[in-house]
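Worksheet for the structure shown next.
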Amino acid sequence: MEIKTRNTIIGVALVLLGCALFALYQCEKRAKVADIVSDEAEMDLKDSAVKPLPVSIDVNNLEDGIYPVAFSQDEIVKADGGYNVPFEVFNMDLYDTVELHQMEVGGYIEIAGELIKIETLSKDGTILINGGLDNGGADLISIGGGVYRYQGWDDIATYTSFGTVNLFVSDRIDFVDKGNVEESMEGVVVSGDKAFDYLSTVRFGAFNQYSTRIRVENGAVVEFYRVYQP
């Protein structure tokens, strides 16, 4: 009798243990399904992130316009009637006003190639994401024409590179350097025939997308200048 009772108790215990293990398995299964659903929802949010307006620039066939550029001074090469410069060509990242004002907390925005989750959001004038720049977030300012841009420290925007192209600059084109405040707060104007030597040797400031510009017309560089960068 005792043996039968003991076997019964063991049997009941095994059944209960099996039920508990099954319940645990079901809970884990539901948790995994919930995680998958949550991950898929998060991916959907990332896929629908607000991104800079799409721009297509063929550096080997530049359309007329002004382009932010960067170059290395030691890569400039003297040529007959001027000099060649390997310009890396950029475009400032711009955001559509309507898309920005449709953003919601929990969504994402791409800034400088990085997806940022929107934890807090203010759309009163300057758009402040996650408390704004002063609090580790981001500021976006309107520049008119239905677009905004990022405003970083020293008013720096974000840019996208479209590649590098070697362009000829005629020695008839002056280089206007308002970025060289070491010489003058007004900057300096370097005549075209002295621009190669100047660009190769000047050591004040940088020649990057934040400060340096070229204007292209009919495939040729017709203006070359640097603006002040704090």
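We did not get these values from a lab; they are worked out from the coordinates using the rules stated. All of these numbers come straight from a predicted model, not from anything done at the bench. As a convention, Cβ positions derive from the backbone with ideal geometry for all residues, glycine included, and neighbour counts pool all protein chains shown.
Take segment 108-148, drop everything but the C-alpha atoms, weight them equally and run the Debye formula without solvent; then report log10 I(q)/I(0) at 0.18, 0.32 Å⁻¹ to two decimals. Once normalised to I(0) and log-transformed, intensities are -0.49, -1.16. Near ASN180, once Lys and Arg are set to +1 and Asp and Glu to -1 for all other residues with Cβ below 15 Å from its Cβ, the sum equals -1.
Just the C-alpha atoms of segment 83-230: what Rg/Rh do they give, with Rh taken as the Kirkwood radius? Before the final figure, lay out the partial values.
Working: Rg = 18.7 Å, Rh = 17.5 Å.
So for segment 83-230, dividing Rg by the Kirkwood Rh gives 1.07.
For PRO86, the shell of other residues with beta-carbons less than 12 Å away shows a net charge of -3, using +1 for Lys and Arg and -1 for Asp and Glu. Just to confirm a number: summing +1 for Lys and Arg and -1 for Asp and Glu over residues other than VAL222 whose beta-carbon lies under 14 angstrom from that of VAL222, what do you get? In short, -3. Highest-first packing order for the peptide set 88-94, 139-145, 75-81, 177-183 is 88-94, 177-183, 139-145, 75-81, based on the mean count of other beta carbon atoms within 10 Å. The calculated FRET efficiency for the pair ALA112 and ASP58, based on their C-beta separation and a Förster distance of 25 Å, comes to about 0.60.
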